[in-house]
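This report refers to the structure that appears directly beneath it.
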Protein chains: 2
Amino acid sequence: MDYLENIPFDELQEGQTADYVKTISEDDIKLFAIISGDTNPLHLDPEYAKTTRFGQCIAHGSICAIIVSAAVATRIPGPGTIYAGQEMKFKKPVFPGDTLTATLTVQEKKRKGNIVLIDCVIRNQHGDTVFTGVSTVVAPTEKVRIAAVKLPTVELR
Amino acid sequence: MDYLENIPFDELQEGQTADYVKTISEDDIKLFAIISGDTNPLHLDPEYAKTTRFGQCIAHGSICAIIVSAAVATRIPGPGTIYAGQEMKFKKPVFPGDTLTATLTVQEKKRKGNIVLIDCVIRNQHGDTVFTGVSTVVAPTEKVRIAAVKLPTVELR
């Protein structure tokens with residue numbers, strides 16, 4: 001069984017880093033379209049996408065928002081974190097099959113309110129930066145270790 | 001067949017608004033966990049969620065990031081938009097079954113680079129604000145009308 005463990009406010013150190021890696025599949029992009037309702041063929045129809053300046057399907061830009069929030073929720077600070085805000089810039093397109101590595105760095109700790117600012121850079125498998133951002137979170141004060149939920153399998157028709 | 005139609009830069013007016021409505025199902029939350037890898041039981045396990053201060057499962061906060069990006073991509077300005085950046089604040093939890101209404105308002109047009117700042121407020125069915133944010137987009141300059149893709153159906157096991 002997998003566990004999720006946090007790093008409480010007092011244990012977090014400015015400059016501390018963590019990586020979170022995710023490969024974006026074509027199915028991820030379809031599921032994103034289902035959740036969001038964003039049915040633009042640029043993301044879903046290879047024939048249409050060929051006619052655009054990208055020449056192929058691209059992921060919805062905010063798939064990076066999902067990755068950064070998951071990184072914060074599971075790595076730094078991890079479970080018990082309250083996600084208060086996020087700034088983000090989308091730098092380059094993400095293509096199906098890309099492997100994204102989100103690197104989090106603790107930028108600043110504010111004792112008042114246990115606020116932590118976390119810098120995030122997401123790079124693809126070529127080392128290109130596709131996303132930069134800063135998360136504002138309320139860090140947990142207590143150690144938490146919980147069993148991760150086993151995800152259902154999904155079938156698309 | 002459904003179509004997606006945009007509002008090009010020249011037609012956009014400061015103060016112009018559009019709504020985008022989405023009900024968040026339990027399956028949406030499971031799919032979000034699958035895409036992101038955020039398997040925190042707070043979002044997925046009702047028994048565990050009962051022991052938290054929320055008393056029940058809540059959606060991942062950044063589900064609102066998906067909603068706002070879909071609103072921008074399909075309504076204002078719509079297809080052809082380049083999503084350059086997003087600031088966001090998560091104000092209140094979103095629960096499974098909540099119906100979210102994202103209200104976009106064109107805040108500012110900048111002729112240089114066809115940049116448009118779009119304010120977004122997301123409210124739940126009780127009228128509570130759960131999210132506020134500002135999107136920075138490069139608006140399309142040409143009218144686009146494209147057929148929306150028919151989404152696959154999804155089965156979770």
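When the dipole is taken about the Cα centre of the protein assembly as shown, and only Lys, Arg (+1) and Asp, Glu (-1) are charged at their Cβ, what size is it in debye, to the nearest 20?
Values: 34 positive and 38 negative charges, 108 e Å.
For the protein assembly as shown, the charge dipole is close to 520 debye.
So what's the net charge close to A:Asn6: Lys and Arg +1, Asp and Glu -1, counting the other residues with Cβ under 10 Å from its Cβ? Show your work: numbers first, answer last.
Working: positive: A:Arg75, A:Lys143, A:Arg145; negative: A:Glu5, A:Glu11, A:Glu142.
After counting each charged neighbour, the total is 0.
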Starting from the 7 Å offset along Cα-to-Cβ, what nm value, one decimal, do you get for the label separation of B:Lys150 and A:Gln16? 5.1
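Counting pairs of alpha carbon atoms under 8 Å apart in space and at least six apart in sequence, what relative contact order in percent does the range A:52-122 give? Don't skip to the end; give the middle numbers.
Working: 60 pairs, mean separation 21.3, N = 71.
Rounded, it is 30 percent for the range A:52-122.
What is the local net charge at B:Pro96, summed over the other residues whose Cβ is closer than 12 Å to its Cβ (Lys, Arg +1; Asp, Glu -1)?
Working: positive: B:Lys30; negative: B:Glu26, B:Asp27, B:Asp28, B:Asp98.
Within the 12 Å Cβ shell, the charges total -3.
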Setting aside same-chain residues fewer than 8 positions from B:Lys109, which lysines have a Cα under 19 Å from its Cα? A:Lys89, B:Lys143
Of B:Ala59, B:Ile35, B:Val144, which is farthest towards the positive pole of the range B:3-147's charge dipole, taken about the Cα centre with +1 and -1 on the beta-carbons of Lys, Arg and Asp, Glu respectively? B:Val144
Could you work out the relative contact order of chain B? I mean the mean sequence separation of Cα pairs under 8 Å and 6+ apart, divided by the number of residues, in percent. 33
Going 7 Å from Cα along the Cα-Cβ axis for the label, what nanometre distances separate B:Thr99 from the same residue across the other copies? 4.5
Relative to the longest principal Cα axis of chain A, at what angle does helix A:63-74 sit, 0 to 90 degrees, rounded to 10? 30
Any idea of B:Glu14's accessible area? Nearest 10 Å², probe 1.4 Å. 110
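Which order do the peptides A:87-98, B:30-41 come out in when sorted by mean C-beta neighbours inside 10 angstrom, highest first? Could the numbers behind the result be given before it?
On the way: A:87-98: 18.6, B:30-41: 22.1.
Put in order of decreasing packing, that is B:30-41, A:87-98.
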What's the buried accessible area, both sides, between A and B using a 1.4 Å probe, rounded to 100 Å²? 4400
Dipole in debye (nearest 20) - the range B:3-147, about Cα centre, beta carbon charges: Lys, Arg +1; Asp, Glu -1: 320
Of the residues B:Ala49, B:Gln125, B:Thr103, the Cα lying farthest along the dipole of chain B towards its positive end, which is defined by charges on the beta carbon of Lys, Arg, Asp and Glu, belongs to B:Thr103
Just to confirm, what accessible area per residue do you get for the range B:3-147 at 1.4 Å probe, in whole Å²? 42
What's the angle, to the nearest 10 degrees (0 to 90), between helix A:26-36's Cα axis and the longest principal axis of chain A? 70
Label the range A:73-157 by shape, choosing from rounded, prolate and oblate, from the square roots a ≥ b ≥ c of the eigenvalues of the Cα gyration tensor; if a/c is under 1.5 it is rounded, and otherwise prolate applies when a/b is larger than b/c, oblate when it is not. oblate
Going Cα to Cα from A:Lys91, which aspartates and glutamates come in below 18 Å? Please leave out same-chain ones fewer than 8 positions away. A:Asp119, A:Asp128, B:Glu87
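The values are calculated or read from the model by the stated rules, or taken from the named source; none is laboratory data. If you're wondering where the values come from, they're calculated on a predicted model, not measured in any experiment. Positions of Cβ are generated from backbone atoms using ideal geometry, with glycine treated the same way; all protein chains shown enter the neighbour counts. Heavy atoms of the whole protein, side chains included, go into the accessibility calculation; ligands, DNA and RNA do not. Shrake-Rupley method; radii C 1.70, N 1.55, O 1.52, S 1.80 Å.
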